[in-house]
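Participant: Sharing a structure here in C-alpha cells format.
The values are calculated or read from the model by the stated rules, or taken from the named source; none is laboratory data. Small disclaimer: the values here were computed from a predicted structure and weren't measured. Reconstructed Cβ throughout: ideal geometry from the backbone, glycine too, with neighbour counts over all protein chains shown.
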Amino acid sequence: MLNPPRKKCPVETTLDVISGKWKGVIIYHLLSGTKRFNELRRIYPQVTHHTLTLQLRDLEREGIIERKSYNQVPPKVEYSLTEFGKTLEPIILLMKEWGDQYDERVSQSHQMEINVDEQLDS
C-alpha cells in the first residue's frame, strides 16, 4: 500500500520558494521597483552571471517575478515583482529587520570580546 504524500509545513513551502543565496536579496531589491539584469549585478557584483540567471529563472517559474524582454539592440530585459510576489514584502522586510538586529547583536558581542581581551592584556 502506498503512503499518502507528506503534507509539507507552510514554512517549508515558503523556504523552498525563496531559498537560495540570492533569491531573498533579489526580491528585496525588486520591492523598490523594476530592475534591469545589470542593475541587479551591480548591487551584488560577487554573484556570477550564471547564478543570477538561474535564481531569476527560478523566481519567474514560481510566479514571484516577471521578466520583460525588449526587442532591441543592445538587448534590454527588466525584472519586477508580480502581484503574487509583492505578497512577500512583509516577510522580506521582517527578514531585513531581523538581520539588522542580528548584525547589531553580533557587533555588540564582538565589541565586548575586544574589551575583555584588552582588559586581560593590561
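Participant: Among K8, K68, which is the only one that is of a type outside the set (A, V, I, L, M), surrounded by fewer than 14 Cβ atoms within 10 Å (Cβ to Cβ), out of contact with any Cys (no Cβ under 7 Å at 6 or more places or on another chain) and modelled with pLDDT under 95? Give the derivation first.
Facilitator: Values: K68 fails: modelled with pLDDT under 95.
None of the other options fit; the residue is K8.
Participant: I'm trying to understand the selection: among the residues of segment 1-25, which are touching a helix residue (DSSP H, G or I) at 6+ places or on another chain (Cβ under 6 Å) and of a type in the set (V, I, T)? Lay out the reasoning, then the answer.
Facilitator: Going residue by residue through segment 1-25, those that are touching a helix residue (DSSP H, G or I) at 6+ places or on another chain (Cβ under 6 Å) are 18, 20, 22-24.
The one that is touching a helix residue (DSSP H, G or I) at 6+ places or on another chain (Cβ under 6 Å) and of a type in the set (V, I, T): I18.
Participant: How many of the residues in segment 16-36 are at negative phi and small (G, A, S)? Before the answer, list the steps.
Facilitator: Of segment 16-36, the ones at negative phi are 16-19, 21-32, 34-36.
Filter once more, keeping what is small (G, A, S): 19, 24, 32.
So the count comes out to 3.
Participant: Inside segment 32-94, counting only helices (runs of 4 or more DSSP H) that do not spill past its ends, which hold 1 or more residues that are in contact (Cβ under 8 Å) with a residue 12 or more places away in the chain and among the polar types (S, T, N, Q)? Show your work before the answer.
Facilitator: Working: elements: 37-43, 49-61, 83-86.
Once the helices (runs of 4 or more DSSP H) in segment 32-94 are filtered for at least 1 residues that are in contact (Cβ under 8 Å) with a residue 12 or more places away in the chain and among the polar types (S, T, N, Q), what remains is 49-61.
Participant: Which one is nearest to G63 (Cα to Cα), of the residues in segment 1-31 that are touching a strand residue (DSSP E or B) at 6+ places or on another chain (Cβ under 8 Å) and in a helix (DSSP H, G or I)?
Facilitator: The first filter runs over segment 1-31 and keeps only residues touching a strand residue (DSSP E or B) at 6+ places or on another chain (Cβ under 8 Å), leaving 26-27, 29-31.
Pick out the ones that are also in a helix (DSSP H, G or I) and you get 26-27, 29-30.
Values: I26: 14, I27: 12, H29: 17, L30: 14 Å.
Applying the filter and picking the extreme gives I27.
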